[in-house]
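Q: Have a look at this one before I ask anything.
Every number in this text was worked out from the coordinates using simple rules, so none of it is lab data. Keep in mind the model is a prediction, meaning the values are calculated, not measured. In this analysis, Cβ positions are derived from the backbone assuming ideal geometry, glycine residues included, and neighbour counts consider all displayed protein chains.
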Amino acid sequence: MKKLTERGRRSLTGYAFISPFIVGFFLIFSYAVLTSVLFATSEITINKSGYALSSVGIDYFKEILLVHPTYNRSLVNSIRSTVVNVPLVVLFSFFMAIMLNQEFKGRSLIRVLFFTPVILSTGVLQKIDNFADIQNGLSGSSVSTTITQSAGIFDLSTFLLSLDIAPQVVIYINNAVESIYEIINMSGIQMLVFLMALQSISPSLYEASSMEGATTWDNMWKITFPLVSPYLLTVSVYTIIDSFTSYNNPVMQEIQRVSQGSLLNYSQLSAMALIYFAIMALLLVIITFILSKTVFYQD
Amino acid sequence: MKKLSYNSSAKLKSFLIAAFRYVIVFGIAFYIIYPLLLKSLYMFMAEENIYDITVVMIPKIFTTDNVKLVMEEMNYFKSLFNTLIFSIFLAALQTVFCCFVGYGFARFEFPLKKFWFAMVMLTLLIPPQVIIAPLYMKFRFFDFYGFLSVFLPKSGLNLINTPWPFVISAVTCMGLRNGLFIYIIRQFFRGIPKELEEAAHIDGANHASTYFRIMLPNAKSLAITITLFGFVWQYIDIFYTSWYMPNADLLSVKLNSLSINILSHMIAGGTSTINDAYSNLLDATGCMLVIFPILIIYFILQKQFTESIERSGIVG
């Protein structure tokens with residue numbers, strides 16, 4: 001047998017270590033992705049030995065986009081809510097991370113509380129949570145409106161409108177306030193990422209710039225923001241994926257509804273999911289492109 | 001007007017900033033726990049109280065009927081035990097195999113490394129809904145590229161309603177958010193100095209013993225964090241569970257169909273008035289019963305949990 005070089009042996013060992021993933025990739029992942037493309041372009045019939053496929057081309061895609069009554073609307077709603085929520089989530093988690101990074105009493109308790117949404121806003125709890133508000137069942141008000149009402153807060157939108165702010169902006173702000181609960185729930189991991197980024201900035205940078213006469217505001221924009229900016233990209237990408245795959249998403253609910261039908265709906269389901277994935281990928285590419293222009297890398 | 005000295009105006013400023021911070025941070029913290037608080041109160045609220053306009057949050061009549069009913073319907077203690085064992089086992093499996101893969105990506109150079117890492121990211125990017133239908137088919141008619149059909153019926157094994165789909169996914173790093181785990185572990189192992197590995201090599205350790213005796217002991221707290229993540233996400237997972245094991249005695253499955261089951265029992269028992277609010281009450285009770293064990297575990301391990309994530313470096 002031929003003797004391997006040290007380098008060859010190292011790369012073989014490397015492959016040995018990642019082999020579970022490679023097996024999974026071929027056995028499960030690539031198989032599933034390719035099959036879902038196949039399903040989406042075929043008619044499925046069930047027989048004794050399993051199932052048989054007959055190709056129908058892009059009929060299902062056409063049907064979903066042109067004939068299906070609600071899919072298009074759900075798609076637009078999904079994209080709109082993602083576009084609205086992502087900047088809010090990123091800003092909110094950045095802001096909260098700056099808050100939580102400072103020293104104050106009760107910080108560890110607060111950090112625990114802020115981390116609970118990571119656990120509570122996934123899986124079955126996320127699904128049930130939408131329905132579990134009793135007031136919702138009775139009077140149709142959401143958690144956020146219940147809080148603002150019970151706190152007796154003045155009407156923000158009338159106030160803003162009376163200041164002659166454009167109605168579109170007011171609607172955006174109003175929606176943001178209304179969906180604050182959702183945004184908090186979406187920003188658990190993001191906050192943690194920003195917190196880590198902030199902690200990795202060397203304090204000597206701030207000391208040096210304060211010596212030169214910079215204010216906290218200058219430091220924020222000249223030091224904190226550039227050094228955190230690589231994480232903006234990571235956080236945005238994670239938020240987009242999270243928002244697209246969450247149960248509250250209209251398209252996800254659409255897909256959920258189809259999947260509760262019979263086995264024969266698989267083609268439709270796959271086609272729906274693939275269109276959805278293509279749009280998500282496009283959005284991700286656009287956002288990555290835009291953000292990578294503004295990102296500052298230290299080295 | 002008396003002029004403030006520099007010292008006292010600085011004090012005032014820092015006091016105002018602190019006050020502002022407390023208001024914001026604790027306000028939002030209240031927002032976060034508000035639904036939990038609400039649910040835990042609903043848990044003990046009698047049905048009459050829902051329709052009573054004078055009851056806002058705190059029930060007039062405290063009752064444990066909801067809890068009893070839900071516990072009985074969910075077969076609570078048995079389901080809880082099953083779920084705990086199942087989730088811990090799967091989380092541990094996921095951690096072991098993701099550690100292997102993460103270590104491989106962090107410490108070795110090999111051809112196509114970038115490609116494989118991009119594939120890890122792709123598994124995170126593709127929503128599970130895209131691939132769940134073929135996965136279901138795969139496990140419904142399970143066959144390893146025709147190897148198994150030598151011994152078994154031609155259509156393959158039916159693994160649905162067995163734990164095997166989960167075990168196979170965990171072993172091959174295809175479980176719930178395992179791409180994220182691989183990413184975190186890779187970041188961690190990249191940060192360990194190379195000298196440590198070289199020293200071990202000079203002392204005659206091979207790659208396997210370096211990994212098991214030098215690297216893994218270092219990664220203990222990270223491994224616990226990953227296991228906890230995997231545990232929690234598996235514990236409350238409904239998506240994969242409802243496809244792979246729709247009839248299992250697991251809490252998430254029970255909770256998913258809780259109010260429907262109870263209401264259909266009531267209809268069968270001759271009740272004619274079914275109310276949305278009441279089914280929400282039951283759902284809230286079920287939620288709290290499911291969350292409660294996680295919260296206990298979480299509060300016990302929170303220091304481990306939050307701090308080691310920060311140390312490990314999810315990104316970078």
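Q: Calculate the mean, over all residues of peptide B:89-99, of how many other protein chain Cβ atoms lie within 10 angstrom of the residue's Cβ.
A: 1
Q: Under 10 Å, Cα contacts only: if you run a Gaussian network model on chain B, which one of B:Val253, B:Val55, B:Val120 comes out with the highest mean-square fluctuation?
A: B:Val55
Q: Here's another thing I want to ask about it. Need the full-extension length gain, A:Leu34 to A:Val285, defined as separation in residues times 0.36 nm minus the C-alpha distance. One decimal, nm.
A: Taking A:Leu34 through A:Val285 to full extension adds about 88.2 nm, to one decimal.
Q: Among B:Cys99, B:Phe292, B:Leu135, which residue has its Cα furthest toward the positive end of the charge dipole of chain B, with +1 on Lys/Arg Cβ and -1 on Asp/Glu Cβ?
A: Looking along the dipole axis, the top candidate is B:Cys99.
Q: Please state, to two decimals, what the Cα-based radius of gyration of the stretch A:170-227 comes to when divided by 2.2 N^0.38 Å (N = residues).
A: 1.56
Q: Then there's this: How many percent of the alpha carbon pairs in the protein assembly as shown exceed a separation of 44 Å?
A: Of the Cα pairs, 25 percent sit more than 44 Å apart.
Q: For the pair A:Phe95 and A:Ser200, what calculated FRET efficiency results from E = 1/(1 + (r/R0)^6), where r is the Cβ-Cβ distance and R0 = 22 Å, to the nearest 0.05?
A: With a Förster radius of 22 Å, E is 0.75.
Q: Between B:Ile267 and A:Phe26, what is the label-point separation in nm under the 7 Å Cα-to-beta-carbon projection?
A: 5.1 nm
Q: Among A:Trp217, B:Trp164, which comes first, then next, by fewest other beta-carbon atoms within 10 Å?
A: A:Trp217, B:Trp164
Q: Taking the Cβ-Cβ separation of B:Glu47 and B:Asn75 as r and a Förster radius of 22 Å, what is the calculated FRET efficiency to the nearest 0.05?
A: FRET efficiency, B:Glu47 to B:Asn75: 0.45.
Q: Could you work out how much longer the chain between B:Leu216 and B:Ile61 gets when fully extended? Use 0.36 nm per residue separation minus the Cα distance between them, nm to one decimal.
A: 50.4 nm
Q: May I ask you to derive the FRET efficiency for A:Glu43 and B:Ser40 from their Cβ-Cβ distance with R0 = 56 Å, giving the value to the nearest 0.05?
A: Once rounded, the FRET efficiency stands at 0.65.
Q: Ok, one more. Please list, in chain and number order, the residues 5+ apart from A:Ser42 or on another chain whose amide H is under 5 Å from its amide H, with Hs placed from the backbone.
A: So A:Ser42 has HN proximity to A:Val56.
Q: As an exercise, take the mean of 1/r over every pair of distinct alpha carbons in the stretch B:75-256, invert it, and state the Kirkwood radius in angstroms.
A: 18.1 Å
Q: Could you give the nm distance between label points at B:Ser8 and B:Thr162, where each point is 7 Å from its Cα heading toward the beta carbon?
A: 8.0 nm
Q: Would you mind classifying chain B by shape? Square roots of the alpha carbon gyration tensor eigenvalues, ordered a ≥ b ≥ c; an a/c under 1.5 is rounded, otherwise it is prolate if a/b is larger than b/c and oblate if not.
A: Oblate, because a/c is 1.5 or more while a/b does not exceed b/c.
Q: Which of the pairs A:Lys62/A:Lys293; B:Lys113/B:Lys220; B:Lys114/B:Lys254 have their Cα atoms more than 31 Å apart in this structure?
A: From the list (A:Lys62/A:Lys293; B:Lys113/B:Lys220; B:Lys114/B:Lys254), the Cα-Cα distance tops 31 Å for A:Lys62/A:Lys293; B:Lys114/B:Lys254.
Q: Another question, then. Note the full-extension length gain between A:Tyr172 and A:Glu63 as 0.36 nm times their separation in residues minus their Cα-Cα distance, in nm to one decimal.
A: Residue separation times 0.36 nm, minus the Cα-Cα distance, leaves 35.9 nm.
Q: Another question about this same structure. Please give the peptides B:179-191, A:36-48 ranked by average Cβ packing (other Cβ atoms within 10 Å per residue), highest first, as a rough proxy for protection.
A: Ranked from most to least packed, the peptides come out as B:179-191, A:36-48.
Q: Quick one: net charge around A:Tyr15, please, counting Lys, Arg +1 and Asp, Glu -1 for every other residue with C-beta under 12 Å from its C-beta.
A: Net of charged neighbours comes to +2.
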